[in-house]
1. Which whole-Hz ³J(HN,Hα) couplings does segment B:85-90 yield from phi under the Karplus relation 6.51 cos²θ - 1.76 cosθ + 1.60, θ = phi - 60°, glycine and proline marked x?
2. Using only atoms on other chains, find how many Cβ atoms lie within 10 Å of each Cβ of peptide A:2-10 and report the average.
3. Just give me a number: lysine pairs in chain B, eight or more positions apart or cross-chain, with C-alpha atoms less than 19 Å apart.
4. Kirkwood Rh and Cα-based Rg: tell me the resulting Rg over Rh for chain B, rounded to two decimals.
5. Treating only the Cβ atoms of Lys and Arg (+1) and Asp and Glu (-1) as charged, compute the dipole magnitude of segment B:35-86 about its Cα centre; round to the nearest 20 debye.
6. Round to a whole number: what % of the accessible area of the protein assembly as shown belongs to carbon and sulfur, probe 1.4 Å?
7. Size of the dipole of the protein assembly as shown about the Cα centre, Lys and Arg at +1 and Asp and Glu at -1 on the beta carbon, nothing else charged, in debye to 20?
8. Using a Cα-Cα cut-off of under 21 Å, which lysines could be cross-linked to residue A:68, ignoring same-chain neighbours fewer than 8 residues away?
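The values are calculated or read from the model by the stated rules, or taken from the named source; none is laboratory data. In this text the structure is predicted, and so the values were computed from the model without any measurement. Methodologically, a virtual Cβ is constructed for each residue, glycine included, from the backbone with ideal geometry; neighbour enumeration extends over all protein chains shown. Calculation scope for accessible area: heavy atoms of the full protein, side chains included, ligands and nucleic acids excluded. Shrake-Rupley method; radii C 1.70, N 1.55, O 1.52, S 1.80 Å.
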Amino acid sequence: DQQVKQNSPSLSVQEGRISILNCDYTNSMFDYFLWYKKYPAEGPTFLISISSIKDKNEDGRFTVFLNKSAKHLSLHIVPSQPGDSAVYFCAASPDTDKLIFGTGTRLQVFP
Amino acid sequence: NAGVMQNPRHLVRRRGQEARLRCSPMKGHSHVYWYRQLPEEGLKFMVYLQKENIIDESGMPKERFSAEFPKEGPSILRIQQVVRGDSAAYFCASSPLEVSGVYNEQFFGPGTRLTVL
């Protein structure tokens, strides 16, 4: 039972363009959503988060959008840079004691 | 300020042996979480601990797996009688003292890659 889904396993974007990573969830009780970035052989690194009471949160080149009626969130990276190439995980928190992760989207930014 | 530390980074065990994975949380953090990542999958929650207490172990397999976070020392994830299906990356995360109604970000360690031969 996959409560958090990332349906695109990979995404390839040219440097300077916008990267859009998508995430869907099934549980309307989730109250906090996060995006993590992961390089090979390293642990996930927190990127940006959003509370369920908001529909947008922005931090530099990264913006997360939340559409609660559609149970959908997206991460926008603009402009994309080669150093952004990594696996991005969407995660949801139903409470303060665990994170439920999606399966990840591998982003490749090429010159 | 050191981050979350995990050791060993790589662990090889033969079927039937025991695996012990250690996690030292960030300084000042009193909450520890363990996650497992199987190949080509996302991270799956296993257990949430505070000092000397297991708060949520809903993601732990019922047999062979146990976790502790003693008053002194690191948190330990122990897997007895390992099988090939236990081969995975095991990540530990920590967060600071919980404040009611406030989400506390989890900081992840580099993981331990367990290979069962």
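1. Per-residue couplings from phi come out as x, 7, 4, 5, 9, 10 Hz.
2. On the way: counts 2, 0, 1, 1, 1, 0, 0, 1, 0.
Partner Cβ neighbours, averaged per residue: 1.
3. Numbers: B:27/B:51; B:27/B:71; B:44/B:62; B:51/B:71.
So the count of such lysine pairs works out to 4.
4. On the way: Rg = 13.7 Å, Rh = 14.3 Å.
So for chain B, dividing Rg by the Kirkwood Rh gives 0.96.
5. Values: 8 positive and 9 negative charges, 21 e Å.
Approximately 100 debye in magnitude.
6. Values: 5540 of 11400 Å².
With neighbouring chains kept in place, the figure for the protein assembly as shown is 49 percent.
7. Numbers: 27 positive and 23 negative charges, 145 e Å.
Charge dipole, the protein assembly as shown, about its Cα centre: 700 debye, nearest 20.
8. Hits, sequence-local ones excluded: A:5, A:54, A:56, A:98.
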